[in-house]
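Step one of this worksheet: look at the structure below.
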Amino acid sequence: MHKFLAKCDEALAEISAQGRYRRFVALEKLADRFPYYSVTMEGKTRDILVWSANDYLAMGTDPRVIAAAAEAARRYGAGAGGTRNIAGSSPLHVALEEELADLHGKDAALLFTSGYVSNQATLTAILSSLPDWHVFSDAQNHNSMIVGIKGSRTATVHVFRHNDMADLERRLASAPAGAPKLIAFESVYSMDGDIAPLSEICDLADRYNALTYLDEVHAVGMYGAHGGGVSEQDGVAGRITIIEGTLAKGFGCHGGYITGDFKVLDYIRSVAAGFIFTTALPPPTVAAALASIRILKQDAALRARLFAGAEMLKAKFRAANLPVMEGNSHIVPLMIGNAQKATEVSMRLIREFGMYATPINYPTVPQGTERLRFTPGPKHTEEMMDALVQALLHILQPAETAPA
């Protein structure tokens, strides 16, 4: 056996022994019945109530968004036909970039094939532009940001404690005064459900002459008066150098983007390999995202229902003494603390109660902090939440819930 194949066997066996081997659950999304999906397990097909989708506002199933995608497919075809530089740039791409720039109050926007690629390609491009960059990265930044930062062979990397402004300032102060600096951070951290202190980070950036790179992936479409994210909500979008986001979560579609100063984005467009060498987003996807953004800019009531539902579920978890992790976002994590148990709870929810919540295990979160992650949306009702709480009590606290 080749050494690599032997290594595969060894690594997979170790992952399985730790209880963190990942098995896909083949969920069939039902656009007309969301958040219900159809799943076939053990030879039986049934409906499942899904609690962990990142289509936070159900915009991926909105008839207006679907209609926009269908019309674009009829008019432009299924694919873009090439990279943006070859044959893949259409009026739809231009219109979407203009809409995104307007959403964040920036000069320009640039589309990428995913949020992951936008982070990776942009951060590598920026931090490879000069030989003496110092980058300050939050300890809980997404893997795409970490990989993008590591893509620079010359940048000095400082990892500051999560949302710890004293630690960030200490590290900024220790860097050479004249060196170019960049602070990279997120707004909503998707595994803990907490939010960064954006104003304080901007204050430190001003004090130490640092640029700022903000990942708003889990906030765009939901936070702010028009869905511009936490930076819009906090009134600091104009102080952020680059705001990055996704079209795949709050907007319910697919793709990633960055927004910022025209000259900066033009530079990234010209040098970032993750933009230059990949096929452009398909026209149906672009049209759907464009429709979704325009709808959400005007629909504050839908965003309000999202947050009301999240607070209701947190309150129900607390009242039932379930181990909810406290946070100030729309994401509701439930601490389990063991990989095998998290997977077991998830599978029992499906088999016994017809519900699904994703088990979050290492390396997404540190070992010993495994959890279930719930993202109640506008279509999750209070009755659904009550049924979920009873199911979790039955699984997690059988002694307390068993009849006398």
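Selection over the stretch 115-166 of residues that are touching a helix residue (DSSP H, G or I) at 6+ places or on another chain (Cβ under 6 Å), part of a loop (DSSP other than H, G, I, E, B) and open to solvent by less than 50 Å² (accessible area, probe 1.4 Å) gives a count of 4. Pairs are defined by a Cβ separation below 6 Å, a sequence spacing of at least 6 or placement on different chains, a first member in the stretch 24-37 that is within 20 Å of MET385 (Cα to Cα), and a second member that is open to solvent by 80 Å² or more (accessible area, probe 1.4 Å); the pairs so defined are PRO35/LYS379; TYR37/GLU28; TYR37/LYS29. Restricting attention to the stretch 308-318, which residues are free of Cβ contacts under 8 Å to residues at least 40 places away in the same chain and of a type outside the set (D, E, K, R)? If the condition is that a residue be free of Cβ contacts under 8 Å to residues at least 40 places away in the same chain and of a type outside the set (D, E, K, R), then ALA308, ALA315 are the ones that fit. Counting the residues of the stretch 323-336 that are over 18 Å from LEU57 (Cβ atoms), open to solvent by less than 10 Å² (accessible area, probe 1.4 Å) and in contact (Cβ under 8 Å) with a residue 60 or more places away in the chain gives 1. Taken over the stretch 10-36, the criterion of being of a type in the set (D, E, K, R) and assigned to a helix (DSSP H, G or I) is satisfied by GLU10, GLU14. The requirement of being in a helix (DSSP H, G or I), open to solvent by less than 10 Å² (accessible area, probe 1.4 Å), farther than 30 Å from GLY151 by Cα and of a type in the set (S, T, N, Q) is fulfilled somewhere in the stretch 277-292, by at least one residue.
If we keep just the residues of the stretch 344-368 that are among the polar types (S, T, N, Q) and open to solvent by 40 Å² or more (accessible area, probe 1.4 Å), which is modelled with the lowest pLDDT? Filtering first and then ranking leaves THR364.
State yes or no: is LEU372 surrounded by 15 or more Cβ atoms within 10 Å (Cβ to Cβ) and more than 26 Å from ILE195 (Cα to Cα)? Spelling it out, it is not the case that LEU372 is surrounded by 15 or more Cβ atoms within 10 Å (Cβ to Cβ) and more than 26 Å from ILE195 (Cα to Cα). Taking first residues from the stretch 348-370 that are basic (Lys, Arg) and partners that are surrounded by 15 or more Cβ atoms within 10 Å (Cβ to Cβ), the Cβ contacts under 8 Å between residues at least 6 apart in sequence or on separate chains come to ARG348/ILE395. Count of the stretch 380-401 residues, restricted to those that are part of a loop (DSSP other than H, G, I, E, B) and crowded, with 16+ Cβ neighbours inside 10 Å, is 1.
Among residues of the stretch 189-217 that are within 30 Å of THR375 (Cβ to Cβ), those with a Cβ under 7 angstrom from a residue that is of a type in the set (A, V, I, L, M, F, W, C) and open to solvent by 10 Å² or more (accessible area, probe 1.4 Å), sequence gap 6+ or separate chain, pair up as MET191/ILE360; ASP192/MET325; GLY193/MET325; PRO197/MET165; GLU200/MET165.
Each row is one residue, and each column tells you yes or no for (1) over 27 Å from ALA287 (Cα atoms); (2) without any contact (Cβ under 8 Å) to a residue 12 or more places away in the chain; (3) over 27 Å from the mean Cα position of the chain (by Cα).
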{"residue": "ILE15", "(1), (2), (3)": "yes, yes, no"}
{"residue": "GLY19", "(1), (2), (3)": "yes, no, no"}
{"residue": "THR61", "(1), (2), (3)": "no, no, no"}
{"residue": "GLU71", "(1), (2), (3)": "no, no, yes"}
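Residues in the stretch 38-57 that are open to solvent by less than 20 Å² (accessible area, probe 1.4 Å) and not in a loop (DSSP other than H, G, I, E, B): 5 in all. Within the stretch 168-185, the presence of a residue that is within 30 Å of ALA300 (Cα to Cα) and either in contact with a His (Cβ under 6 Å, 6 or more places away or on another chain) or assigned to a loop (DSSP other than H, G, I, E, B) (or both) is excluded. Output the residue which, of all residues in the stretch 223-244 that are of a type in the set (S, T, N, Q) and either closer than 18 Å to ALA289 by Cβ or in contact with an Asp or Glu (Cβ under 8 Å, 6 or more places away or on another chain) (or both), is least open to solvent (accessible area, probe 1.4 Å). Per the criteria, the residue is SER231.
If the condition is being of a type outside the set (A, V, I, L, M, F, W, C) and farther than 30 Å from ARG33 by Cβ, then the stretch 347-369 contributes TYR362, PRO363, PRO366, GLN367, GLY368, THR369.
Matching residues to (1) touching a strand residue (DSSP E or B) at 6+ places or on another chain (Cβ under 8 Å); (2) open to solvent by less than 10 Å² (accessible area, probe 1.4 Å):
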site	(1), (2)
GLY221	no, yes
THR246	yes, yes
HIS254	no, no
TYR257	yes, yes
PHE275	yes, no
ILE295	no, no
ARG305	no, no
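Residues are listed down the side, and each one gets a yes or a no for (1) part of a loop (DSSP other than H, G, I, E, B); (2) more than 22 Å from ARG303 (Cα to Cα); (3) modelled with pLDDT under 95:
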residue	(1), (2), (3)
LEU211	no, yes, no
HIS218	yes, no, no
TYR223	yes, no, no
HIS226	yes, no, no
SER231	no, no, no
GLY250	yes, no, no
THR259	no, yes, no
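The values are calculated or read from the model by the stated rules, or taken from the named source; none is laboratory data. Small disclaimer: the values here were computed from a predicted structure and weren't measured. With ideal geometry, Cβ positions are generated from the backbone for all residues, glycine too; neighbour counts draw on all protein chains shown. Please note that ligands, DNA and RNA were not included when accessible areas were found on the heavy atoms of the full protein model with its side chains. Shrake-Rupley method; radii C 1.70, N 1.55, O 1.52, S 1.80 Å.
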